[in-house]
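**Q** Encoded as structure tokens, here's the structure I'll be asking about.
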Amino acid sequence: MSDALLDRIHTDPNVMVGKPVIRGTRLTVDFVIGLLAHGARVEDVLDEYARLEREDIQACLLFAQRTLADASFVPLAA
């Protein structure tokens with residue numbers, strides 16, 4: 001199921017400068033993650049953006065998790 005969720009995320013250099021978006025929208029993954037990080041509930045996001053489905057939000061979270069899992073972080077010296 002998780003790979004099917006990722007099919008909901010789309011990148012196109014002509015849409016939002018190539019940032020990952022929920023397919024068929026101009027809502028970027030980072031925008032949706034930001035809403036959740038700042039306290040919005042999934043139900044709040046779904047109410048505000050009626051075309052979205054719960055699986056779209058799950059796809060954003062999965063995309064973010066996989067992106068972070070593949071990233072290496074190097075601490076910066078102050």
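The values are calculated or read from the model by the stated rules, or taken from the named source; none is laboratory data. Predicted model only: the values in this text are computed from it and were never measured. Heads up, the Cβs are rebuilt from the backbone with ideal geometry, glycines too, and the neighbour counts pull from every protein chain shown. Quick note on the areas: whole protein, heavy atoms, side chains included, nothing else; ligands and nucleic acids left out. Shrake-Rupley method; radii C 1.70, N 1.55, O 1.52, S 1.80 Å.
**Q** With springs connecting C-alpha atoms under 10 Å apart, model the chain as a Gaussian network and identify which of Val45, Val29, Val21 has the largest mean-square fluctuation.
**A** Taking springs between Cα atoms under 10 Å, the residue moving most is Val45.
**Q** Connecting C-alpha atoms closer than 10 Å in a GNM of the chain, tell me which of Ala64, Ala40, Ala50 has the biggest fluctuation.
**A** In this elastic network of the chain, the residue with the biggest mean-square fluctuation among Ala64, Ala40, Ala50 is Ala50.
**Q** With unit charges on the beta carbon (Lys/Arg positive, Asp/Glu negative), name the residue among Gly39, Ile9, Ala50 whose Cα is farthest towards the positive pole of the charge dipole of the range 1-63.
**A** Final value for the positive-end residue is Ile9.
**Q** Related question: Please compute the contact order of the chain in relative form: average sequence separation of alpha-carbon pairs under 8 Å and at least six residues apart, divided by the residue count, as a percent.
**A** In percent, rounded to a whole number, it is 30.
**Q** Now a separate question. When N counts the residues of the range 8-77, how does its alpha-carbon radius of gyration compare numerically with 2.2 N^0.38 Å, as a ratio?
**A** Its radius of gyration relative to the 2.2 N^0.38 Å reference: 1.19.
**Q** Computing the accessible area with a 1.4 Å probe over protein heavy atoms, can you report the carbon and sulfur percentage for the chain? Kindly include the intermediate steps, with their values, before the conclusion.
**A** Working: 3170 of 5580 Å².
Carbon plus sulfur share of accessible area: 57 percent.
**Q** Using helices alone, what [θ] at 222 nm do you get for the chain, with -39,500 (n - 2.57) per DSSP H run of 4 or more residues, divided over all residues and rounded to the nearest 500?
**A** On the way: 4 runs with 37 residues, N = 78.
Value at 222 nm, helices only, nearest 500: -13500 deg cm²/dmol.
**Q** Ok, one more. Compute a Gaussian network model of the chain, connecting alpha carbons closer than 10 Å, and tell me which residue from Ile22, Ile57, Ile33 fluctuates the most.
**A** Ile33
**Q** Using the heavy atoms of the protein chains and a 1.4 angstrom probe, tell me the accessible area per residue for the chain in square angstrom.
**A** Per-residue value: 72 Å².
**Q** Residues of the range 46-77 with amide nitrogen under 17 Å from the 7 Å Cα-to-Cβ point of Leu6?
**A** Residues 56-72 fall inside that zone.
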